[in-house]
Amino acid sequence: MKPTDVLIPVLIFAGMGILFGVILAVAARVFAVKKDARAEQIAEVLPGANCGGCGFSGCAAFAEAVVRGDAPANGCRAGGAACAAKIGEILGMEVTAATPVRAIVRCSGGAGHANLKYHYEGAADCLAAERMSGGDKMCATGCIGLGTCVAACRYDALHIVEGQAVVDADKCVGCGACASVCPKHLIELIPADAKYCVMCRSPEPGALTRKQCSAGCIGCKICEKQCPTGAISVNGCIAAIDYTKCTSCGACAAKCPRKIIREL
Amino acid sequence: MMNILLLMFTAILVENFIFAKFYGCCPFLGVSEKPDTALGMGMAVTFVMTVSGGVTWFVYRFLLEPFHLEYLKTVAFILVIAALVQFIEMFLRRFVPALYSALGIYLPLITTNCAVLSSALLIVQNNYNFIEAVAFGFSAALGFTLAITVFAGLRARMNAADPPRAFKGFPLTLIAAGLLAMAFSCFSGVHL
């Protein structure tokens, strides 16, 4: 074996590498795309958490969409009013803040209220537990409590308390990242100033709900009758509050026999 | 001319990359959720495979063969394909932004698509000339596009169906892929 047998391939490949590198470097210069400077400015005032609450893949994508006019300037829920105002400054227009929202876990099955159908010993992840015949709770809409939403939250606003996820309203920015990962679809975004919420989502008839959980909505319709503004409706044995009509009077919570409608 | 057409027909149907050779199964299963993204992926692959077929032919003929470095062709082809995909991506972003955003993430993904590499290797193995090489790359990719688009159509239909729980999702996808491959195997009887 001659030394050139090694040297020639090495030289050829090094040459190819350098040649391609130079071509790509030149191409990057020649084909550079001019970006709207405003998009970069907007991206800087955004929180930068890439939470996806705006519906775009990240803060940079949202910034570009705002510049193009495809997204509302107040579309960043995490940034809130302050961020909307800064974007307005950059774009040179008046921007009013969107109604702030917060996430809420609509389940009260923690602290042993929900009855179990088996003992789950698997990966500590709600999605994995959901695969095992829908989790260990008898209730098909009960919080599994393994913290997939906690892991998804970028603002440390979710914690597992007594076996179920609970949202810390002070930290929640309403991005909705948790809501999109919850396999039970238990997490909802409600107006941040909402005072009352139905903390259950079980649509089962009352008798069945009682068997499954000692803290479930039985669809008794007392709240519906109590509500002076007609904001509460009971569909399929589960109460729901229409926040556009709710006046936060608390009549429903006072009379709920299961204490499911709670003051937040 | 006739043998070019025959070569293209063979590459598209008889020796379909996915159903007869099982190249490029990853994007075939991964990017076939919706017919339009599948078509986007197919277009991106067609674009890259046609160009890479020609470029790798040149690299092999005029760089590797004269120095007797045929044994390094895999490494050389990967290098060429990776650089080519990068270059095409930049080129499209600048001059054809509509196509660039349509192809989106699929374009860089092609770097690691084994169908592209295998078409380059097959071209060398079969001793094609330059025109045959480009035609082979183009038509093999066309076969890939055909397969992935047809399959995406099937999957769109399957989404509406209500199969038993155990079959839902990926299991049914694999079964459908197998059935489709069997349907395509009828072309293997065609001798040209």
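Residues are listed down the side, and each one gets a yes or a no for (1) within 9 Å of another protein chain (Cβ to nearest Cβ); (2) buried (at least 18 other Cβ atoms within 10 Å of the Cβ); (3) touching a Gly at 6+ places or on another chain (Cβ under 8 Å):
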{"residue": "B:50", "(1), (2), (3)": "no, yes, yes"}
{"residue": "B:66", "(1), (2), (3)": "no, no, no"}
{"residue": "B:81", "(1), (2), (3)": "no, yes, no"}
{"residue": "B:88", "(1), (2), (3)": "no, yes, no"}
{"residue": "B:111", "(1), (2), (3)": "no, no, no"}
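Can you tell me which of B:179, B:142, B:154 is surrounded by fewer than 20 Cβ atoms within 10 Å (Cβ to Cβ), in contact with a helix residue (DSSP H, G or I) (Cβ under 7 Å, 6 or more places away or on another chain) and part of a helix (DSSP H, G or I)?
B:154 is the lone residue from the list that is surrounded by fewer than 20 Cβ atoms within 10 Å (Cβ to Cβ), in contact with a helix residue (DSSP H, G or I) (Cβ under 7 Å, 6 or more places away or on another chain) and part of a helix (DSSP H, G or I).
In segment A:50-66, what count of residues is obtained for those that are of a type in the set (Gly, Ala, Ser) and within 14 Å of another protein chain (Cβ to nearest Cβ)?
Of the residues in segment A:50-66, 4 are of a type in the set (Gly, Ala, Ser) and within 14 Å of another protein chain (Cβ to nearest Cβ).
Cβ-Cβ under 6 Å, sequence separation 6+ or interchain: first residue in segment B:3-28 and of a type in the set (Asp, Glu), partner at pLDDT below 85. Which pairs?
Pairs that qualify, where the first residue is of a type in the set (Asp, Glu) and the partner is at pLDDT below 85: there are none.
For residues in segment A:121-149 being more than 17 Å from the chain's Cα centre (by Cα) and outside any loop (DSSP other than H, G, I, E, B), which is surrounded by the most Cβ atoms within 10 Å (Cβ to Cβ)?
A:137
Out of everything in segment A:6-49 that is over 16 Å from residue B:80 (Cα atoms) and within 9 Å of chain B (Cβ to nearest Cβ), what residue ends up being modelled with the lowest pLDDT?
Residue satisfying both the conditions and the ranking: A:33.
Out of the residues in segment B:90-103 that are loosely packed, with under 14 Cβ neighbours inside 10 Å and not aromatic (Phe, Trp, Tyr), state the one that is nearest to the other protein chains (Cβ to nearest Cβ).
Once the filter is applied, the top-ranked residue is B:97.
Going by what's in this entry, would residue A:190 be described as in contact with a Lys or Arg (Cβ under 8 Å, 6 or more places away or on another chain), buried (at least 18 other Cβ atoms within 10 Å of the Cβ) and hydrophobic (A, V, I, L, M, F, W, C)?
yes
Whether any residue in segment A:240-248 is surrounded by fewer than 21 Cβ atoms within 10 Å (Cβ to Cβ), more than 30 Å from residue A:151 (Cβ to Cβ), aliphatic (A, V, I, L, M) and touching a residue at least 12 places away in the same chain (Cβ under 8 Å) is what I want to check.
no
Quick check on this structure: which one of A:80, A:110, A:75 is among the small types (Gly, Ala, Ser), surrounded by fewer than 19 Cβ atoms within 10 Å (Cβ to Cβ) and within 30 Å of residue A:143 (Cβ to Cβ)?
A:80
Filter segment A:28-51 down to residues that are within 20 Å of residue A:99 (Cβ to Cβ) and in contact with a Gly (Cβ under 7 Å, 6 or more places away or on another chain), then give me how many there are.
The number of residues fulfilling the criteria is 2.
Quick one: count up the residues across segment A:117-132 that are acidic (Asp, Glu) and farther than 17 Å from residue A:181 by Cβ.
1
The values are calculated or read from the model by the stated rules, or taken from the named source; none is laboratory data. Bear in mind the structure is a predicted one, so any value in this text is a computation, not a measurement. Because the Cβ atoms are built from the backbone with ideal geometry, glycine has one as well, and the counts that use them run over all protein chains shown.
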